[in-house]
Amino acid sequence: MSAHPIRSGPTSSKPARHAGFYLALLLSLFAVAGQAASGNIPRLNGKPDFSGIWQTTSAAEFDLEPHIGREDAPPGPGVIEGGYIPYLPKALEQKRKNFAERQSKDPRVKGYTLGVPRMIYAPYPLQILQRARDITVIPQYGYSIRTIHTNGTRHPVEDNDFWLGDSRGHWEGDTLVVDVTDFYDETWLDRAGNFHGTGLHVVEHWKFLDANTIEYKATLEDPDVYSRPWTLSVILHRHREKNFQLIEDYRYTLPYDQYYPPKKP
Amino acid sequence: MSKHLRHRAIALAFLVLPAAAVLAQQMPPAPGTQERPQGSGISREISFPKIAEGKWTGPRLADGQPDISGHWSNTIANHNNFTDPQGGIINDPSPRAQRPGGPREERAPSRISDPADGQLPFQSWAAEKVREFQANFNNPIKPEYVEPLARCAPGGVPKSFYWHGYEIRQYPGHVLFMFNNGYRLILLGGRPHLPERLKLWNGDSRGYWEGNTLIVSARNLNGKALFGRSGEFFSENATVDERFTFANDGKRYNYVAVITDPTVFTRPFTVTIPARRYTEADTPNGWHYEASPANYDGKALLHERHERICHENNGGFGSPAVISIPGQKTN
C-alpha cells in the first residue's frame, strides 16, 4: 500500500484544452478515493492535523500475535503482517519466559511508561497536540509525554536510553513518517511478554483513513532480538463523546497514596 | 553513562558543587530584582518585580493567545521550604545543609503573599500535622513523613511551579505545562470540570485569557502532593484559582493563586511564585533549564528538552530518604 502523495491538480497552465487532462483528472480522483479522504481531513499548515483524542479498539495490547482468549486477554487475530514476530532463537526463549511471568514482570503492572510503540495501541485514550515544529503525544496511562519533532532536526549525536525513544518525523505527502531510536530495554511491547532490546529501531507511518480514523503502522527492527524487520498495524479512532478528555492515570502512586494528605484526627 | 542516569547525576551535582560554581552558571538578575550574595542549588532572587495585569502587547499565536510557549522556571528556590524559600530544609541534620544566616528579610519572601505575615492560616489540627511532618522529615519513621516527590509522585499544585524548570506549549484551546514529573493540560473555554468526586494529583484545569493573564481554575485536586519538604498541605476539598500574569517583554511571569479549603484553613490565602523564561541565550542547567542542543543543519543554536523520567529510573529526588514499599522498587 503506497502512502505517497497524490498531486491534486494539473501542473500545466493550459490543461483544459486537452481531453487527456480530463481523463487524468478522473483517474486522479479515483486514486484519491482509493487511498484516503484527503480532501476532508483536518489540516494544519497544509499537513494533516492529528490533533484530537484517539484510541484503538484492537486487542494488540493483550498480545500482538494471534491468540485465543485466556484469563488475562480477550482473543485477537493479531496485528502483525505475517502473523508472528520473527524472534531469534534466544530471544524467543526470553519471550516465553516473559509470557510465563507476565503477571508480575510486565512493566505496565507497576504503572511504568509503556514506551513506543506500545503507548499507541494500549487500550487507553491518547491525546495528540500538533504544531508545525512538533507533535506532542500524551497517553492517559502514565505521565510521560512523547514529542515527535517535525522541525528537520535529527536524532541526538550521542546515544541515549529513553523509555519513549527519540522521535523525529517528516511528512511524505499526507503520511507522517517517524523514525524512533535511542531506546531503553525495560519496556515491553504488550502484555504477553513480547519485547525488544536497546537496539530497537522503529519506523512509524501515520495517515488518515478519514477525518476520524488514523491508520498506524510501525516497523520494528532490532538485530539482537529479531531475525528481520517486522510490521504491526492498528487503527486509531477519534473520541467524539461530548466533552471527552483525558483523566490523569498516575497509578504508579497507588502503593503509597493512602498516606497523603494528613487527615483530621 | 546513559542519559537517564546522567540527568540524575546532573541534579545531584548541583547539590554538591560549591555555591560559587552554581551561581556562576546562573543568569544575571533581571532589572528590578535582587540576588542573594550566596546560596546553593536553585536559590537566587531575594526579591522580584510585580507584574500588573493589563493588555498583552507581545506576540500572539494564530488563535489569538498570547504566545508564551517555551521554557520557564521559578526564580527563588525549590520545594525545600514553602514559607521561607531560601531558609533550607527545616531541622536538616545534613553537614551540607543550607543554613540560613542573618535576618529573615535577607532571604526571599514567603510564597504566601496574603495573609501579610506570610504564614499559612492553618486550623490548629492541621498546624499540628505540619509540625509533626517537619519533626520527622529527616528521619521518616512512617511512610507519611516522606515527601511524595521523593517517590517521584507528581508535583501537584502549586509545587510543580517551584521544583525544576518546565516547558509550556500552546495549541488552540489548550495550554500544556510539561513538568519533569507529570503535566497539566489547561483546557481553554467554558467546558465543565470533571465530576467532583474524581480527585487527581494535578487536578483538572479550566482557563481563559484576559489580556496578559491566563486565569485558571484548578479543581478535582487530591491534596496528596504536599507543598514541599516543609510538609504544608491542603485537602481534597481545596480549590485553587490561579492567575498567570505575563510581562509584555515575555521574559517573566508571576503566578498568583488563591487557595480555599475550609477543611484545613481558617481563611483563603494567596500564593505568589515568580518565574522567568529560559532561552537559547541561557546555559542549560540541571535545575531550571534541562535542555540540549538539537542536532540539525541550522546555524543558530536550537535547544530541545529530552525525555524526563523519574519513577521508572528510581531517580527519586529523595532528601532525605526513599523508603521501601512492598511492590515498589526504590533506590
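The values are calculated or read from the model by the stated rules, or taken from the named source; none is laboratory data. Since we're looking at a predicted model, the values are computed, not measured. Heads up, the Cβs are rebuilt from the backbone with ideal geometry, glycines too, and the neighbour counts pull from every protein chain shown.
When A:75, A:86 are screened for being more than 19 Å from residue A:228 (Cβ to Cβ) and not basic (Lys, Arg), only A:75 passes.
Just to be sure, is residue A:132 loosely packed, with under 15 Cβ neighbours inside 10 Å, small (Gly, Ala, Ser) and over 30 Å from residue A:254 (Cα atoms)? Quick ask: steps written out before the conclusion?
On the way: loosely packed, with under 15 Cβ neighbours inside 10 Å: yes; small (Gly, Ala, Ser): yes; over 30 Å from residue A:254 (Cα atoms): yes.
It is true that residue A:132 is loosely packed, with under 15 Cβ neighbours inside 10 Å, small (Gly, Ala, Ser) and over 30 Å from residue A:254 (Cα atoms).
Here residue B:199 does not qualify as basic (Lys, Arg), surrounded by 21 or more Cβ atoms within 10 Å (Cβ to Cβ), more than 8 Å from chain A (Cβ to nearest Cβ) and more than 30 Å from residue A:45 (Cβ to Cβ). Whenever a residue of the stretch B:290-302 is at the interface with another protein chain (Cβ under 8 Å from one of its Cβ atoms), its partners that are among the hydroxyl-bearing types (Ser, Thr, Tyr), lying with C-beta atoms within less than 7 angstrom and at least six residues away or across chains, give the pairs B:294/A:153; B:295/A:153; B:296/A:153; B:302/B:296. Evaluate the stretch B:151-163: report whether one residue or more is more than 8 Å from chain A (Cβ to nearest Cβ), aliphatic (A, V, I, L, M) and either out of contact with any strand residue (DSSP E or B) (no Cβ under 7 Å at 6 or more places or on another chain) or outside any strand (DSSP E or B) (or both). Taking every residue of the stretch B:151-163 in turn, at least one turns out to be more than 8 Å from chain A (Cβ to nearest Cβ), aliphatic (A, V, I, L, M) and either out of contact with any strand residue (DSSP E or B) (no Cβ under 7 Å at 6 or more places or on another chain) or outside any strand (DSSP E or B) (or both). Looking only at the stretch B:275-307, residues that are of a type in the set (Asp, Glu), in a loop (DSSP other than H, G, I, E, B) and within 26 Å of residue B:248 (Cα to Cα) come to 3 in all. Any residue at all in the stretch B:51-61 that's assigned to a strand (DSSP E or B) and either among the basic types (Lys, Arg) or at pLDDT below 50 (or both)? Checked the stretch B:51-61: at least one residue is assigned to a strand (DSSP E or B) and either among the basic types (Lys, Arg) or at pLDDT below 50 (or both).
State all residues of the stretch A:196-207 that are buried (at least 23 other Cβ atoms within 10 Å of the Cβ) and touching a residue at least 60 places away in the same chain (Cβ under 8 Å); if no residue qualifies, say none. First the steps, then the outcome.
Start the filter on the stretch A:196-207 by keeping residues that are buried (at least 23 other Cβ atoms within 10 Å of the Cβ), which leaves A:196, A:200, A:206-207.
Residues satisfying the conditions are A:206, A:207.
Selection of the stretch B:172-184 for residues being more than 16 Å from the chain's Cα centre (by Cα) and either on the phi > 0 side of the Ramachandran plot or buried (at least 20 other Cβ atoms within 10 Å of the Cβ) (or both) yields B:173, B:175. Each residue in the stretch B:176-234 was checked for being over 30 Å from residue B:124 (Cβ atoms), charged (D, E, K, R) and either touching a residue at least 40 places away in the same chain (Cβ under 8 Å) or not in a strand (DSSP E or B) (or both), and 2 of them qualify.
Do we have any residue at all in the stretch B:219-231 that's among the hydrophobic types (A, V, I, L, M, F, W, C) and surrounded by fewer than 20 Cβ atoms within 10 Å (Cβ to Cβ)? Walk me through how you get there before you give the answer.
Just the residues of the stretch B:219-231 that are among the hydrophobic types (A, V, I, L, M, F, W, C), to begin with: B:221, B:225-227.
From the residues that got through so far, the ones that are surrounded by fewer than 20 Cβ atoms within 10 Å (Cβ to Cβ) too are none.
The answer is no, given that none of the residues of the stretch B:219-231 is among the hydrophobic types (A, V, I, L, M, F, W, C) and surrounded by fewer than 20 Cβ atoms within 10 Å (Cβ to Cβ).
Any residue at all in the stretch B:235-242 that's outside any strand (DSSP E or B), within 13 Å of chain A (Cβ to nearest Cβ) and within 27 Å of residue B:52 (Cα to Cα)? Yes, the stretch B:235-242 contains at least one residue that is outside any strand (DSSP E or B), within 13 Å of chain A (Cβ to nearest Cβ) and within 27 Å of residue B:52 (Cα to Cα).
Would you confirm whether or not the stretch A:176-190 contains a residue that is of a type in the set (A, V, I, L, M, F, W, C), free of Cβ contacts under 8 Å to residues at least 40 places away in the same chain and within 14 Å of another protein chain (Cβ to nearest Cβ)? Checked against the condition, which is being of a type in the set (A, V, I, L, M, F, W, C), free of Cβ contacts under 8 Å to residues at least 40 places away in the same chain and within 14 Å of another protein chain (Cβ to nearest Cβ), the stretch A:176-190 yields no hits at all.
Here the condition is being at pLDDT 95 or above, part of a loop (DSSP other than H, G, I, E, B), surrounded by fewer than 20 Cβ atoms within 10 Å (Cβ to Cβ) and in contact with a helix residue (DSSP H, G or I) (Cβ under 9 Å, 6 or more places away or on another chain); of B:330, B:263, it holds for B:263 alone.
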